[in-house]
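Trainee: Once you've had a glance at the structure underneath, I'll fire off some questions.
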2 protein chains.
Amino acid sequence: MALTIRDVADAAGVSAATVSRALRGLSNVEPATRDRIVAIAREMNFSVSPAASRLATGRTGTIGIVTPFVDSWYFSQIFAGVEEVLKPFDVDLLLHTTQPRDPSGLPGAHVRMRRRVDGALVIGLAADSDELTAMSAMDMPVVLLGSRSPGMASVSIDDRLGARIAVSHLAELGHERIALISGRRLPAVFLPENDRLAGYLDVLSARQLPADKSLREIGLFTAPGGEHAMDALLSRRRPPTAVFCMSDEMAYGALRAIARAGLAVGGNKAAGEIAVIGFDNHDLSGLFDLSTVGQPVRELGRSAAQLLMSHVVGSPTTEVRIVPTDLHVRGSTTP
Amino acid sequence: MALTIRDVADAAGVSAATVSRALRGLSNVEPATRDRIVAIAREMNFSVSPAASRLATGRTGTIGIVTPFVDSWYFSQIFAGVEEVLKPFDVDLLLHTTQPRDPSGLPGAHVRMRRRVDGALVIGLAADSDELTAMSAMDMPVVLLGSRSPGMASVSIDDRLGARIAVSHLAELGHERIALISGRRLPAVFLPENDRLAGYLDVLSARQLPADKSLREIGLFTAPGGEHAMDALLSRRRPPTAVFCMSDEMAYGALRAIARAGLAVGGNKAAGEIAVIGFDNHDLSGLFDLSTVGQPVRELGRSAAQLLMSHVVGSPTTEVRIVPTDLHVRGSTTP
DNA sequence: CTGTTAGCGCGTTCAT
DNA sequence: ATGAACGCGCTAACAG
């Protein structure tokens, strides 16, 4: 049906091996014949069969991306960074989303990636995940993104430090009742959010502030979730005067809840304003005038992709890269 | 290095052919031996080589996704819908982003997809795109998403109708100077946005309203772009009293610009409120209290994926599916 | 520099 | 129901 390298060879009057060499740009081919072969091949509209090529070489020319979610701002930014770096390498991108809550017999990441990628980028999987251990159990080069695991290469921010920065900023404003809106229920070891909780507690204890558990709510990493969480916090006997949200999108919801309650947002504690800070520096946070601890998500993607490629084409690595975060002070914490 | 089907055959005391049949669940295999083989295979932790399998069968078991952008809410929602449908089919997902403005010798979508997918979902490519024509020139099954092209299967909304709904809604409020913030410069045939422009003009002409070109601005489909565009519109000698934005994110920016100008947003024209309506029903539009024409993005992804699969495993189709939009009236247009 | 030979690991005839 | 043999299209190793 489709053309084979053999057809091109016949048309060019050379052997199949020479065509293969010419098409791959190997050096041991007379430039003249190489050009001729390439010309003929494209004239015939020929392209090699990746399957055959993979079978013969053992290399797949494919990089896998494993992620638990794809419908989030975070992922889309990560992916944009990854794409940017991987583009020049001319590799295929195999995408797989793990469904956390659905062990319904569908194959997991490790089996979906197995034998079909030269390496994989694993986003946001807990370090104790079965899929992760299975992947590293095979020889597959893996780079973790957003989490860390002993003996594995990874790129992430310092979540604990980031949280400290955020909460310190609130404390500097004079706040003592600082609430926390987290994504999932914490503490849960192996999750990055747990580090953020630790950072939050670090600041409270360093400043001798009460670690009031009634000041913690879950926001599911969504705006409606954040809104709901803030509603709950505001209904406490002694509501918080400031709140740290583990994601900007939850903070958007919190802002809304505060406004609905007829309260003001801002950094002027004396005037009764509630200070709000988020985490991510989401694209829209400028619009919401939301203070936040920014993580360079796109850069995380770039860095992880680079690390993975150097692992795949070069030598194995267990490098752990920590990318710095930065504080963006906006209206939601400005006096 | 890796195990082959042969190793399993030896361990089970059968031939490689039988193992192949057993592992694929073909009927012509004694149930007892089939179970034994499967048990042994998983005990050896064996998995077949996709490359060899593809070479032998000619099928790739892979679906391609071609898209010009990946860092957008639209894409992430589309993808979530696609994923949902494709998951049970157990196919690989090959992702390729076309870079519109970068013909720098890097291979285009058609060559990246060639010989490696059984079919492709093409998102947001103009119908006159070289890559698109190239893909359909090969035998590759293609389903378009968000655009249409003669003779090709596609899933999209009725952009013209959607725009009419939005602009009619503004006109009903009594507005006569209705501005338009588009993503890219229009008119540009083959782009869905062009249909939205047409819908906008439809309403103006039906109601004998002036089609003032100074009331059209470009917003790049981003919030900052929308903000900038609205700034420009407000600085006109005779500024608009209402605005239709081709995306919600641009509308967010517009809301901000209006607020900064000290003007009010809403549906009460008599009170001098500026009416704003967007397009998409983005997740955050409820928070912004933004009226909008919603498109069921996730559903678009699902529908397109279904269509593609029926094309790939079943018979070729050129079905054109139009998914309805719906009007969401919120505070930005409520009197 | 080029051609010949021999797999890569499966799926698929054909027999039996 | 099972096995033997061949071929899928390409690359690698060895000659020359």
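The values are calculated or read from the model by the stated rules, or taken from the named source; none is laboratory data. All of these numbers come straight from a predicted model, not from anything done at the bench. When we count neighbours, we look across all protein chains shown, and the Cβ atoms used for this are built from the backbone with ideal geometry, even at glycine.
Trainee: Given region A:28-93, what helices (runs of 4 or more DSSP H) lie entirely inside it while holding 2 or more residues that are facing another protein chain (nearest Cβ under 10 Å)?
Mentor: Details: elements: A:31-43, A:50-57, A:73-86.
Those helices (runs of 4 or more DSSP H) span A:50-57, A:73-86.
Trainee: Output yes when any residue across region A:16-39 is within 25 Å of B:R59 (Cα to Cα), more than 8 Å from DNA strand D (Cβ to nearest atom) and not acidic (D, E), and no when none is.
Mentor: No, there is no match, as no residue in region A:16-39 is within 25 Å of B:R59 (Cα to Cα), more than 8 Å from DNA strand D (Cβ to nearest atom) and not acidic (D, E).
Residue by residue, here is whether (1) modelled with pLDDT of 90 or more; (2) crowded, with 18+ Cβ neighbours inside 10 Å; (3) closer than 24 Å to B:R321 by Cα holds:
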residue	(1), (2), (3)
B:E84	yes, no, yes
B:L95	yes, yes, yes
B:P100	no, no, no
B:L106	no, no, no
B:R116	yes, yes, no
B:I123	yes, yes, yes
B:A127	no, no, yes
B:M138	no, no, yes
B:P141	yes, yes, yes
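Trainee: Among the listed residues A:G64, A:G81, A:G108, identify the single one that is farther than 23 Å from B:P50 by Cα and away from DNA strand D (no atom under 16 Å from the Cβ). Spell out how you get there, then give the answer.
Mentor: Values: A:G64 fails: farther than 23 Å from B:P50 by Cα; A:G108 fails: farther than 23 Å from B:P50 by Cα.
Being farther than 23 Å from B:P50 by Cα and away from DNA strand D (no atom under 16 Å from the Cβ) holds for just one of A:G64, A:G81, A:G108, which is A:G81.
Trainee: Separate question: I need the full set of residues from region A:1-22 which are buried (at least 16 other Cβ atoms within 10 Å of the Cβ), more than 7 Å from DNA strand C (Cβ to nearest atom) and away from chain B (no Cβ under 13 Å), in order please. Quick ask: steps written out before the conclusion?
Mentor: In the first step, residues of region A:1-22 are kept if they are buried (at least 16 other Cβ atoms within 10 Å of the Cβ); the result is A:5, A:7-9, A:11-12, A:14, A:18-22.
Applying the additional criterion that residues be more than 7 Å from DNA strand C (Cβ to nearest atom) yields A:5, A:7-9, A:11-12, A:19-20, A:22.
Listed by number, the residues that qualify are A:D7, A:V8, A:A9, A:A11, A:A12, A:V19, A:S20, A:A22.
Trainee: Restricting to region A:263-316, give me the number of residues that are surrounded by fewer than 17 Cβ atoms within 10 Å (Cβ to Cβ), in the same structural domain as A:E83 (by TED's automatic domain parsing) and touching an Asp or Glu at 6+ places or on another chain (Cβ under 9 Å).
Mentor: Number of matching residues: 2.
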